Amino acid sequence: MIITQQYNSKLKLVKKISHIHSYTTMSQPTTSTGAVSLLDGRVAIITGSSGGIGRAIVAHLASLGARVVINYASSSGPADLLASELNAVHSSPRAVAVQADVSDPDAVRTLFDHAEEVFGCPPHILVTCAGVFDTKYPTLAETTVEDFDRTFAINCRGTFLCCREAARRLSRGGGGRIVTISSAPARFLIPRYGAYSASHAAVEAMTRILAKELMGTGITANCVAPGPVATEMFFAGKTEKAVEAARSLAGRLGETKDISAVVTFLVTDEAEWVNGQVIGVNGGFV
């Protein structure tokens with residue numbers, strides 16, 4: 001049986017808690033020591049960031065002083081609202097929402113162009129959160145070519161195009177950061193996750209190679225691989241049994257703040273010696 005009213009209620013609660021956490025994070029003041037201004041003046045592009053994990057990352061980076069580009073694929077409402085909330089609690093513009101299909105090279109170039117035009121400098125940080133998942137959970141034999149291509153177009157090709165643009169255009173000489181988002185199934189190898197797992201395994205390999213290619217530029221490249229996180233994407237199409245099975249592995253489902261905290265560390269100066277790594281954030285799931 002697909003998620004019951006009980007799980008829909010839990011999802012609504014997750015959204016509410018996530019929104020409260022994000023707004024609290026946005027409102028943190030800057031201290032005299034700069035403790036919450038680790039990213040002051042830096043420009044960050046976060047793809048797929050109007051909701052879920054991406055939204056939490058946007059809020060966290062902005063709370064540390066970053067100016068953020070909130071990328072969305074189609075529906076502008078959530079992205080515009082998030083940008084308005086961020087700008088309302090800061091004295092100068094801190095956020096802008098930009099539509100772009102990350103699988104389109106021209107759209108990706110325009111996304112980076114827009115970041116430079118709005119904030120007046122090359123971006124310093126890229127986080128690739130845009131991703132899709134086939135909620136039909138097909139076996140490999142049941143996976144259509146169209147669904148396979150769509151999965152790879154966003155998860156793998158989209159990450160490639162954004163990373164390629166970042167490698168060409170991020171600020172060099174220190175502070176340049178690329179963080180790709182993979183997923184635990186890339187290593188856990190769950191049946192019915194064939195195309196999804198393969199697309200993220202490709203992202204992990206690509207990120208490690210990119211890190212080596214960028215050595216000496218002051219730009220690092222790392223990958224974060226979340227386990228089960230309580231988002232709309234995770235709950236979509238799952239039975240109660242599947243949700244409980246994921247929850248039981250680590251005692252709870254992950255929260256978006258679990259992921260955003262690790263990503264935030266990776267884009268700060270403190271993480272300059274962390275490069276070419278795939279970091280699992282899953283409570284021991286993998």
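Observations on the structure shown:
- Failed item in (1) farther than 19 Å from Ile46 by Cβ; (2) part of a helix (DSSP H, G or I), with Asp258 passing the rest: (1)
- Residue that is at pLDDT below 95 and either of a type in the set (Val, Ile, Thr) or touching a Cys at 6+ places or on another chain (Cβ under 7 Å) (or both), where the choices are Thr24, Thr47: Thr24
- Among residues of the range 261-282 being buried (at least 21 other Cβ atoms within 10 Å of the Cβ) and in a helix (DSSP H, G or I), the one that is farthest from the chain's Cα centre (by Cα) is Leu266.
- Taking the range 73-85 as the range and being under 27 Å from Gly158 (Cα atoms) and surrounded by fewer than 24 Cβ atoms within 10 Å (Cβ to Cβ) as the test, the residues that pass are Ala73, Ser74, Ser75, Ser76, Gly77, Pro78, Asp80, Leu81, Ala83, Ser84.
- The single condition among (1) surrounded by fewer than 16 Cβ atoms within 10 Å (Cβ to Cβ); (2) over 23 Å from Phe235 (Cα atoms) that Thr135 does not satisfy is (2).
- Of the residues Ser171, Ser182, the single one that is on the phi < 0 side of the Ramachandran plot and modelled with pLDDT under 95 is Ser171.
- Taken as a whole, the structure places Gly276 among residues that are on the phi > 0 side of the Ramachandran plot, at pLDDT 95 or above and touching a strand residue (DSSP E or B) at 6+ places or on another chain (Cβ under 7 Å).
- Every listed requirement among (1) in a helix (DSSP H, G or I); (2) touching a residue at least 40 places away in the same chain (Cβ under 8 Å); (3) over 16 Å from the mean Cα position of the chain (by Cα) is met by Asp106 save one, (2).
The values are calculated or read from the model by the stated rules, or taken from the named source; none is laboratory data. Just so we're clear, the structure is a prediction, and the values are computed from it rather than from any experiment. Note that each Cβ is placed from the backbone with ideal geometry, even for glycine, and that neighbours are counted across all protein chains shown.
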